[in-house]
Amino acid sequence: MDKNKFKKQIKKILSEKKLSSLISVCLVLAFILVAINVLMPKNIYLNKPKNDQSTSLNKEDNNTNTVSSKLSEQKNYEEKQKVDLKNILKKMDGVGDVDVMISFESGEEKVPAYDTTAQTSTTEETDNEGGKRVNNQQNDGSKVVMTNSDGNNEPFILRTYKPKVTGVVVVVEGAENGKTKYSIEQAISKLYNLTLDKVNVYPMKK
């Protein structure tokens, strides 16, 4: 085929409106597909880790706040015990200034509620000779009762035992008097249910 004729045929085809419209539509669709493939993965990649990171940080903050709250509560309880003991000892006859140190068991003890279930099954067996045998089987199960608090599932606590006092040291004005010292030892021993060897009372330096 002559080159000139071939060029004329190409120009004729391109000059047709339908073919031009079709090419334009194809170009627009191709551009849209390229834009989606290029832009969408970047947005997903940039946004998703931020959300995951934010959720993770919120959980860590909640756990940290819970632990700090428990430690603060325990410290306040221990300080209150010291203050109360000092105040009551100062009111005793023959007692002047008082300084107290109390040792506690680590942490408080919480008793959760349990949901207990009991199932009894009875089976009757008959042997070849006509004898009968009855088997009773009992299955006991229990699980901790959970409650929802601030969106978190936690055990339902029936009772909380505060840290137990394991020993007391008291430095006090007036302990030079044997009777006063004995009265202090007895008071502390009965107050915290301690044996006398765990209660130490000393006179204060003058």
Are any residues in the stretch 144-178 basic (Lys, Arg) and loosely packed, with under 10 Cβ neighbours inside 10 Å, and if so, which ones?
Arg159
Starting from the stretch 147-166, take each residue that is among the charged types (D, E, K, R) and list its partners that are part of a loop (DSSP other than H, G, I, E, B), counting only C-beta distances under 6 angstrom and pairs at least six apart or across chains.
Lys162/Glu108; Lys164/Glu105
Can you confirm whether the stretch 146-154 contains a residue that is among the hydrophobic types (A, V, I, L, M, F, W, C) and not assigned by TED's automatic domain parsing to the domain that holds Ser103?
yes
What are the residues in the stretch 180-206 that are charged (D, E, K, R) and in a helix (DSSP H, G or I), if any?
Lys181, Glu185, Lys190, Asp197, Lys198
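The values are calculated or read from the model by the stated rules, or taken from the named source; none is laboratory data. Predicted model, so just to flag it, every value in this text is computed and none were measured. Please note: Cβ atoms are built from the backbone with ideal geometry, for glycine as well, and neighbour counts cover all protein chains shown.
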